[in-house]
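The values are calculated or read from the model by the stated rules, or taken from the named source; none is laboratory data. Quick caveat, the model's predicted, so the values are computed rather than measured. A quick note on method: Cβ atoms are made from the backbone with ideal geometry, for glycine too, and the neighbour counts reach across all protein chains shown.
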Amino acid sequence: MAKELPYFKFEPNEWENGNIQMLSREDKGLFIDLCCMYWSRLGDLPYRLAIQKVCGGNANALNPLFEDDIISVDENDIIVISFLQEQLSEFSNISNQNSKNAKDGWEKRRKQKELSERNANAYDSQSESDAIREDKRREDEIKEKNNNKFDFKKSLLSFGFDSILVDEWLKVRRVKKAVNSEIAFNGFIREVNLNGQDINFILQKCVEKGWRSFESDWLPKQNNNTSVTITLDDKLQSLGIKRK
């Protein structure tokens, strides 16, 4: 696998415009070291191992990366670097296709070079047009991929959770180093539905008790003959927030 994946894709635009730019040069260097170790281990990088090998045993060294959502840790305390994990997943599905594309691309470039040498003084407008269309196609693919990216916060709001409680709970999950993935969201919603209580009542309890997740038996289940009503003022008061 090391020979098949000697390097990972790196997008300068993402680097220049991402959250990483809010960090110090030392933290940026630490992130690059972490990426290299993550890639060489094919995404299987335990949090404790990263602390020992990359951070020299300093458990606080990775905090800036966690706080700005550069990295995260899953339920098994495995480091998660999203853009590298996406590349590893893609490789397992399209490695054969990539090999074919590479051969086809080499052959195409060889023929283009021969044609260019034979027609050094000719201007091939059709080739230029094809190149522009190909670039446009690739840009559209990247935009479509970004538009389809799962948004944990928007999914909570769409389900009907109160925006104030959502913001407070995301702070709890960030401190607890929880991964805001689609799998985590679906699991949370499943447990909320199983419990039967008012969804914002449950989310308020998650915030108050510092729960990064929820299981249906952590709170009494809602009976058909009882109901719980929570007003916005109740939620604000319990969280120590004054209405503006």
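Which members of segment 7-43 meet the condition of being aliphatic (A, V, I, L, M) and over 12 Å from ASP68 (Cα atoms)?
LEU30, ILE32, LEU34, MET37, LEU42 - these are the residues of segment 7-43 that are aliphatic (A, V, I, L, M) and over 12 Å from ASP68 (Cα atoms).
Quick check on my filter: what residues within segment 1-57 are of a type in the set (Ser, Thr, Tyr) and within 24 Å of GLU75 (Cα to Cα)?
Matches in segment 1-57: TYR38, SER40, TYR47.
Would you be able to say whether some residue in segment 33-41 is at negative phi, among the aromatic types (Phe, Trp, Tyr) and either exposed (fewer than 10 other Cβ atoms within 10 Å of the Cβ) or touching a strand residue (DSSP E or B) at 6+ places or on another chain (Cβ under 9 Å) (or both)?
The answer is yes, given that some residue of segment 33-41 is at negative phi, among the aromatic types (Phe, Trp, Tyr) and either exposed (fewer than 10 other Cβ atoms within 10 Å of the Cβ) or touching a strand residue (DSSP E or B) at 6+ places or on another chain (Cβ under 9 Å) (or both).
Counting only residues that are within 11 Å of LEU84 (Cβ to Cβ), give me the helices (runs of 4 or more DSSP H) lying completely in segment 5-54 with at least 1 of them. Full working, then the answer.
Details: elements: 12-17, 25-40, 47-53.
Ranges flagged: 25-40.
Restricting to helices (runs of 4 or more DSSP H) lying wholly in segment 130-241: which have 3 or more residues that are modelled with pLDDT of 95 or more? Quick ask: steps written out before the conclusion?
Values: elements: 152-159, 163-175, 182-195, 199-209, 232-238.
Ranges flagged: 152-159, 163-175, 182-195, 199-209.
Identify all residues within segment 47-65 that are loosely packed, with under 15 Cβ neighbours inside 10 Å and either hydrophobic (A, V, I, L, M, F, W, C) or in contact with an Asp or Glu (Cβ under 6 Å, 6 or more places away or on another chain) (or both); write none if there are none.
Step one: of segment 47-65, the residues loosely packed, with under 15 Cβ neighbours inside 10 Å are 48, 52-53, 56-60, 63.
Matches in segment 47-65: ALA59 only.
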